[in-house]
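A.B. asks: Let me give you the structure first, and then I'll get to my questions.
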Amino acid sequence: METFWFIILALMLTVYVVLDGFDLGAGIIHYFAAKTAAERRLIFRAIGPVWDGNEVWLVASAGILFFSFPILYASSFSGFYLPLMMVLWLLMLRAIGIELRGHIQHPLWHSLWDFVFAIASGLLAIFFGAALGNVIRGVPLNSEGYFFEPLWTNFRVGEQTGILDWFTIMTGVVAFVTLATHGANYIALKTEADVQQRARKIAIQMSRILILLTALSVPATLYVRPQMLDNYRAYIWGFLFPLLGFGSLAAMQYFHRKQHDKAAFLSSAAYIVGAMCGAAFGLYPTVLPATTGEAYSLTIYNAAAQAYGLRISIVWWAIGMTLAIAYFTYLYRSFRGKVTLETDGH
């Protein structure tokens, strides 16, 4: 049961990054892809019906974390209190930027909320990447399973770590470029004319940077946590995840040249799946490594809820996921195709 919920949690977080990732990416690149007020409205229309629904996967992931691994939930939410507050404020500011933008028809009002939307989207991508970097690197857990980290210390990897160091900053930059690429591919898929052409150029440039960053991040990750290779040595099929990641980067370059926007978007989604699942596979069965010693690490066994609760949760999770999948299938089928400013709606 513990392994089952570890897989479900990893998949839920991956779905969130894939779906809300292109919303965040659209916010990151919208100043560069759109040059006029009308073009910026077009980008907002491209994500309008789906952005808030995509964030449901983050809430659902937090819910799964709460009832399946309550000790991990308590430890991480207390230890990461400051960055979590920052993330909550950024999520709220991003939502406000989208919702309030159209309430007053004035260029200054629009510029204010466009700026808030762009900054919040970019910082969220960096913070999410830094959070993954903290999980891979480990945190200074004590014997009771709790920890405290300042925002930064000396920017080195060791026992006295901060939330930000050279490794977590690197993972934050990788996440920023990944989501910018993903968002640019999505905007190219959903728009036409000048906005589409600019989004294609941004996607091409960002994907090339992403190749370089991926090549640098893999050895850096193994330097920080060499134990990530243990599961790959034991189960050779795990190499399918990094192969998916590197293969999707190559496929993205090919589809960019062919201007196949849908295939390029699916390629960037596949890269995210490969990266997220590869990280989860390397960490298993650890859910939060300890820099103070492996004995203090939280695993799926010492952080999980009781077996009865894990079994009962399957029923409610299955009902909720059935409803969510049905809703998202209907939503994305209804919203398929290009967006324009002439039609009604978002």
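The values are calculated or read from the model by the stated rules, or taken from the named source; none is laboratory data. Remember, it's a predicted structure, so these values are computed and weren't measured experimentally. Reconstructed Cβ throughout: ideal geometry from the backbone, glycine too, with neighbour counts over all protein chains shown.
A.B. asks: How about the stretch 294-310: which of its residues are surrounded by 13 or more Cβ atoms within 10 Å (Cβ to Cβ) and not in a strand (DSSP E or B)?
C.D. replies: Tyr296, Ser297, Ile300, Asn302, Ala303, Ala304, Ala305, Gly309, Leu310 - these are the residues of the stretch 294-310 that are surrounded by 13 or more Cβ atoms within 10 Å (Cβ to Cβ) and not in a strand (DSSP E or B).
A.B. asks: Restrict the check to the stretch 269-291 and report whether at least one residue is without any contact (Cβ under 8 Å) to a residue 12 or more places away in the chain and either at negative phi or not in a loop (DSSP other than H, G, I, E, B) (or both).
C.D. replies: The answer is no; no qualifying residue exists.
A.B. asks: Being over 28 Å from Pro242 (Cβ atoms) and of a type in the set (Val, Ile, Thr) is the filter here, so list the residues in the stretch 280-324 that pass it.
C.D. replies: Thr292, Ile312, Ile314, Val315, Ile319, Thr322
A.B. asks: Then there is this: Name the single residue, out of those in the stretch 261-271 being within 12 Å of Gly183 (Cα to Cα) and among the aliphatic types (A, V, I, L, M), that is farthest from the chain's Cα centre (by Cα).
C.D. replies: Across the stretch 261-271, the extreme among qualifying residues is Ala264.
A.B. asks: Looking at Ser313, Ser297 in this structure, which one is touching a strand residue (DSSP E or B) at 6+ places or on another chain (Cβ under 6 Å), at pLDDT below 95 and either closer than 28 Å to Ala215 by Cβ or of a type in the set (Gly, Ala, Ser) (or both)?
C.D. replies: Within the list Ser313, Ser297, the selection yields Ser297.
A.B. asks: Here is a further query. Tell me the residue from Ser75, Ser68, Ser61 that is over 20 Å from Ala180 (Cβ atoms), at pLDDT below 95, among the hydroxyl-bearing types (Ser, Thr, Tyr) and within 20 Å of the chain's Cα centre (by Cα), please.
C.D. replies: Ser61
A.B. asks: Just the residues that are hydrophobic (A, V, I, L, M, F, W, C) and under 19 Å from the mean Cα position of the chain (by Cα), please, taken from the stretch 216-239.
C.D. replies: Val218
A.B. asks: Please indicate, with yes or no, whether at least one residue in the stretch 2-24 is among the charged types (D, E, K, R), over 19 Å from the mean Cα position of the chain (by Cα), surrounded by 18 or more Cβ atoms within 10 Å (Cβ to Cβ) and closer than 30 Å to Ala304 by Cβ.
C.D. replies: Yes, the stretch 2-24 contains at least one residue that is among the charged types (D, E, K, R), over 19 Å from the mean Cα position of the chain (by Cα), surrounded by 18 or more Cβ atoms within 10 Å (Cβ to Cβ) and closer than 30 Å to Ala304 by Cβ.
A.B. asks: So Leu331 ticks every box in (1) closer than 30 Å to Thr171 by Cα; (2) touching a residue at least 60 places away in the same chain (Cβ under 8 Å); (3) within 23 Å of the chain's Cα centre (by Cα) but one. Which box is left unticked?
C.D. replies: (1)
A.B. asks: Sticking with this one: Are any residues in the stretch 218-250 buried (at least 18 other Cβ atoms within 10 Å of the Cβ) and either within 24 Å of Ile29 (Cα to Cα) or charged (D, E, K, R) (or both), and if so, which ones?
C.D. replies: Within the stretch 218-250, Arg225, Gly245, Ser248, Leu249 qualify.
A.B. asks: With (1) over 23 Å from Phe67 (Cβ atoms); (2) hydroxyl-bearing (Ser, Thr, Tyr); (3) part of a helix (DSSP H, G or I) as the list, and Thr340 as the residue in question, which single condition is left unmet?
C.D. replies: Only one criterion in (1) over 23 Å from Phe67 (Cβ atoms); (2) hydroxyl-bearing (Ser, Thr, Tyr); (3) part of a helix (DSSP H, G or I) is unmet by Thr340, namely (3).
A.B. asks: Only one of (1) under 17 Å from the mean Cα position of the chain (by Cα); (2) at pLDDT 90 or above; (3) not hydroxyl-bearing (Ser, Thr, Tyr) fails for Phe44. Which number is that?
C.D. replies: Result: Phe44 passes all but (1).
A.B. asks: Let me confirm something: among Thr168, Thr191, Thr178, which residue is under 22 Å from Tyr296 (Cβ atoms) and either at pLDDT 95 or above or among the hydroxyl-bearing types (Ser, Thr, Tyr) (or both)?
C.D. replies: Thr168
A.B. asks: Further question on the same structure: Contact list please: Cβ distance under 8 Å, first residue in the stretch 170-187 and on the phi > 0 side of the Ramachandran plot, second residue basic (Lys, Arg) and crowded, with 24+ Cβ neighbours inside 10 Å, pairs at least six apart or on different chains.
C.D. replies: As it stands, the answer is none, since no pair meets every condition given.
A.B. asks: Determine if the stretch 100-116 includes at least one residue that is of a type in the set (Phe, Trp, Tyr), under 18 Å from the mean Cα position of the chain (by Cα) and more than 14 Å from His30 (Cβ to Cβ).
C.D. replies: Checked the stretch 100-116: no residue is of a type in the set (Phe, Trp, Tyr), under 18 Å from the mean Cα position of the chain (by Cα) and more than 14 Å from His30 (Cβ to Cβ).
A.B. asks: Further question on the same structure: Looking only at residues that are surrounded by 15 or more Cβ atoms within 10 Å (Cβ to Cβ) and outside any helix (DSSP H, G or I) in the stretch 78-103, which one is modelled with the highest pLDDT?
C.D. replies: Out of the qualifying residues, it is Phe80.
A.B. asks: Does Ala324 satisfy the condition of being in a helix (DSSP H, G or I) and touching a His at 6+ places or on another chain (Cβ under 9 Å)?
C.D. replies: Judged against the criteria, Ala324 is not a match.
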